[in-house]
Amino acid sequence: MNWTKKQTSTLAVVAITSFMGTFLISSINIALPSIEKTFGLNAIMLSWVVTSFLLATAMFLLPAGRWSDISGVVRLYKAGLIIFTLSSLLCGIAPSGGWLIAARYLQGIGAAFTNTTGQAILVGSFPPQNRGSVLGISVSSVYLGLSFGPFVGGLLTQQIGWRSIFMAAALIGLVSTVVSFLYLGKDEQTGQTKQKMGLKGVIFFMLGLVCMVYGSSLIPATSGWLIMAAGLAALILFWKIESKSKMPVFDTGLFTKNRMFAFSNLAALINYGSTSAIVFFLSLYLQKIQHLTPQQAGLILIAQPIMMTLFSPLVGRLSDRHQPRYFATSGMAMCSVGLASMSFLNEVTPHWVIISILIWIGIGFALFSSPNMNLIMSSVNRTQYGLASGTAASMRVIGQITSMTIVTLLFAGLFSGKSIEKVSDSLFLTAMKWGFITFSLTSLVGIYFSYVRGNVKRKTPLPADSQE
């Protein structure tokens, strides 16, 4: 691989910041029981520590994707790093649960900017024959953050306290910001810089997401269902507005006219919606049911992301040579089996069984992720990279929100406003069991979309030396 110095530097910067985001996400899951005790949060409020971050990320990903195509991906990427770093510091000094949730929301906005632009910067910096490889490395850095997060988060929480996790994130964010300003360069001038972005559709999109997520926390109250219905109506209006817009934030035509793009994004939505709550559930399960320390729980949870880290670069390279949909579909099937297995966990499940299931799911996710992203980015032209990257990232985060919304619905319906610490072990296991059954069945639907999307049409065979 004969990459230029600028290409290598770009890959390094994006990989570092990709690591930073997922490190924080995975480490906070381990710290949730400690955060619950510090602020006296009930189960619903505790879930909002995770959900507020995801909600903000989802709300701003789509407008950020279009904004980056207009004003420049590098500029928005740097702005996202600054917001993420400052909000991490605010999380670390939070005096109350409400402050923490609000700071996490701000943190999600910064993550939206970097998530949207990172993949677009990479794809725009490398030729098509290297696309799977660099995306594989980027995805690997994401999973490396997921791998270190549970262990380091557990260690920091147990030895220093959960606030130290956010302080560490702020420090990594500061270093990443400096590196990006030094090495990432500036945006190339394009003819799109003077175009404007319509905000009408964005408002309905954001309103719809807020109503759907907030409404779920009020279930089974009637107001919860009404708010969710209002959210669904707002999202339908958003689709109609974007369909008629000359400068859409969300290009509905890519979904109605581009089968590969549409089905690849739907597969991503379903996959993340099915797997994202695994760490949330297991972090609580291992500490509440199996009485492990945060550090011990973290050591078990690293099994899944380690497999993702190890296999993603290899699968990324293979997806450059062979049709990506076969890898992605196989990975989705493996995740479905693993999720079904999780529903059988109980008070005395041996740790080696839990680790084995996590390894299986980790390999499945590695098979799915980078090939699926390769398919998404290969299905659009260069001028749509920012939009495609933002849409793909939105599918991921909306999937994560969907996963947490299902968890919130289960907690609201079963726990009667109690904290997780106070509900019985059997009741918590019942909620977790139905959660994993739901996720497994949902994942089965994703297998269909992953398989029938079609193949990548490559213009010319790759030369032998490019495959070395």
inquiry  = What distance in nm lies between label points placed 7 Å from Cα along the C-beta direction at I70 and V175?
reply    = 3.6
query = How do T256, T114 rank when sorted from fewest to most other Cβ atoms within 10 Å of their own Cβ?
reply = T256, T114
query = How far apart, in nm, are two points set 7 Å out from the Cα along the Cα-to-Cβ line at A12 and at I93?
reply = 3.3
For the chain, the longest site-free run once trypsin sites (Lys or Arg not before Pro) in DSSP loop states with at most 16 other Cβ atoms within 10 Å are removed = 1-185
ask   = If you take all C-alpha pairs in the chain, what percent of them are over 27 Å apart?
value = 51
note = Which of K6/K257; K78/K240; K78/K200; K186/K244; K200/K246; K78/K257 exceed 24 Å between C-alpha atoms? The answer is K6/K257; K78/K240; K78/K200; K186/K244; K78/K257
ask   = Which whole-number value in Å³ per residue fits the convex hull of the alpha carbons of region 199-246?
value = 42
query = Taking the Cβ-Cβ separation of V348 and L444 as r and a Förster radius of 41 Å, what is the calculated FRET efficiency to the nearest 0.05?
reply = 0.90
request  = Going by C-beta contacts inside 10 Å, put L76, L266 in order with the fewest on the left.
outcome  = L266, L76
request  = Counting other beta carbons within 10 Å of each Cβ, put C211, C91 in order, fewest first.
outcome  = C211, C91
query = How far is it, in nm, from the label point at T293 to the one at L310 when both lie 7 Å from their Cα along the line to the Cβ?
reply = 2.6
message = Whole angstrom only: what separates the Cα centroid of region 8-75 from the Cα centroid of region 237-313?
response = 12
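Each value in this text was obtained by applying a stated rule to the coordinates, not by laboratory testing. Everything numeric in this text was worked out from a predicted model, so none of it was measured. Every residue, glycine among them, receives a Cβ derived from its backbone with ideal geometry; neighbour counts consider all protein chains shown.
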